[in-house]
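Q: Sharing a structure, written as structure tokens. Questions coming.
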Amino acid sequence: MRIRVAAAAVVSGAVVLSALALPVAAQAAERTGAAAKLTSFAAKAVQPRDTLGNTKFSHAVINGGKDIVLGTTGTKSVTVTYTATNASGIALTEAFLWQGTDSSTTDGITGGLGTDDDPACTETATQGTYTCKAVFNIHPATDMKGNGVAGTWKLFLGAWDLYANASSNDDVATAAIKKASTLTANATPEPVKKGKTITVTGKLARANWTTGKYAGYVSQPAKLQFRKKGSSTYTTLKTVKTNSTGVLKTTTKATVDGYYRYVFAGTSTTAAATAPGDFVDVR
């Protein structure tokens, strides 16, 4: 059941929206849907209580608990689930992903995206307890304002009860939004004589949200790994750092047939990546 506003219990949208300190960056167009729903009942509404609401939020999970990894194009749909509880009932909730120090001021928000002003909420068997789901459609090309916004983001949740009392929590949960990365590996020569030296090159690149392209990731460690033909397990041979353009290059001795690859563990701003194994025939 999608929550709808009770006609005899909600004041005008303007009064309700002013009671809830929603992020300034999301005020205007982002609230249009919620405001319209509440305003439609203004003529029949009773006056709200003088105090703010006591809706509590819990069990918030962003993107299934996984990092949100964004490339340079396309749309990433991110689901947020949470529980909202209020013995007085809940008329409407709102969800918002933001980054910064203070969600109540424009200066305090360095990034804001993914507002859902009418998440789907269903009342459980426990009266006054609702499970909710918001879906954010994120467009890296337009929503990610520069590369500096990669990192930790916070979840803002707001709600109005059936008497138009507002509640909010601007740090219910956090999630990492990271740049997608790519990694390659190429071992040469092939075939090669047993005991001879082979060179393994590769490149680590990551999404650049400013240019809309992938660029080499500089001075990052990657593990060179080897898997013997017929085995399912890779063994780390050494760690190599990328150069000024993101290129990896090192040498090793060829002993038996097998696959070589590079593995990048990722950082706080960039997702991990594993190159496909490159087979070398040793003769």
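Values in this text are rule-based calculations from the coordinates and carry no lab data. These figures come from a predicted structure and were not determined experimentally. FYI the Cβ positions are ideal-geometry reconstructions off the backbone, even for glycines, and counts take in every protein chain you see.
Q: For LYS249, list the aspartates and glutamates whose Cα falls under 19 Å from its own Cα; do not include residues on the same chain fewer than 8 positions away.
A: Within the straight-line limit of under 19 Å, LYS249 reaches these aspartates and glutamates: GLU190, ASP278.
Q: Taking the Cα centre of each part, how many Å lie between the stretch 140-172 and the stretch 88-103?
A: Taking the Cα centre of the stretch 88-103 as reference, the centre of the stretch 140-172 is 6 Å away.
Q: Work out from phi, with θ = phi - 60° and the Karplus expression 6.51 cos²θ - 1.76 cosθ + 1.60, the ³J(HN,Hα) of each residue of the stretch 227-235, listed in order in whole Hz, and give x for Gly and Pro.
A: Per residue, the Karplus-derived 3J(HN,Hα) values read 10, 5, 4, x, 9, 10, 10, 8, 10 Hz.
Q: Between THR269 and LYS66, what is 0.36 nm times their sequence separation minus the Cα-Cα distance? Round to one decimal in nm.
A: Once the chain is fully extended between THR269 and LYS66, it gains 71.7 nm.
Q: Kindly write out, for the stretch 191-207 in residue order, the coupling ³J(HN,Hα) from the Karplus curve 6.51 cos²θ - 1.76 cosθ + 1.60 (θ = phi - 60°), rounded to whole Hz, with x marking Gly and Pro.
A: Calculated HN-Hα couplings, in order: x, 9, 6, 4, x, 7, 8, 10, 10, 10, 10, x, 8, 9, 10, 9, 5 Hz.
Q: On to the next question. Applying the Karplus parametrisation 6.51 cos²θ - 1.76 cosθ + 1.60 with θ = phi - 60° to the phi angles of the stretch 123-131, what ³J(HN,Hα) value in whole Hz is obtained for each residue in order, glycine and proline being reported as x?
A: 6, 7, 5, 8, 4, x, 10, 10, 9
Q: Separate question: Summing +1 for each Lys or Arg and -1 for each Asp or Glu, what net charge is found among the other residues whose Cβ lies under 15 Å from the Cβ of LYS196?
A: +1
Q: Follow-up question, since we're still on this one. Out of residues 5 or more away from ILE138 or on other chains, whose amide H comes under 5 Å of its own, with H placed 1.01 Å from N in the peptide plane?
A: Hits under the 5 Å cutoff: LYS76, SER77, VAL78.
Q: A further question follows. Above 18 Å lies some portion of the pair distances; for the stretch 180-280, what is it as a whole percent of all C-alpha pairs?
A: 44
Q: Another one. Using only alpha carbon pairs under 8 Å that are at least six residues apart, calculate the relative contact order of the stretch 144-283 and give it in whole percent.
A: 27
Q: Modelling each spin label as a point 7 Å along the Cα-to-Cβ direction, I'd like the ALA141/THR245 distance in nm, to one decimal.
A: 2.7
Q: Report the net charge of residues surrounding THR85, where surrounding means a beta-carbon distance below 14 angstrom and charges are Lys +1, Arg +1, Asp -1, Glu -1.
A: Around THR85, the surrounding residues sum to -1.
Q: Another question, if that's okay. Can you figure out the FRET efficiency of ALA215 with THR235, using R₀ = 25 Å and their beta-carbon distance, to the nearest 0.05?
A: 0.25
Q: Still on this model: First select every other residue whose beta carbon is under 12 angstrom from the beta carbon of LYS154; then total the charges, Lys and Arg +1, Asp and Glu -1.
A: Around LYS154, the surrounding residues sum to -3.
Q: Could you order peptides 79-85, 190-196, 236-242 by the average number of other Cβ atoms within 10 Å of their residues, highest first?
A: Peptide ranking by packing, descending: 79-85, 236-242, 190-196.
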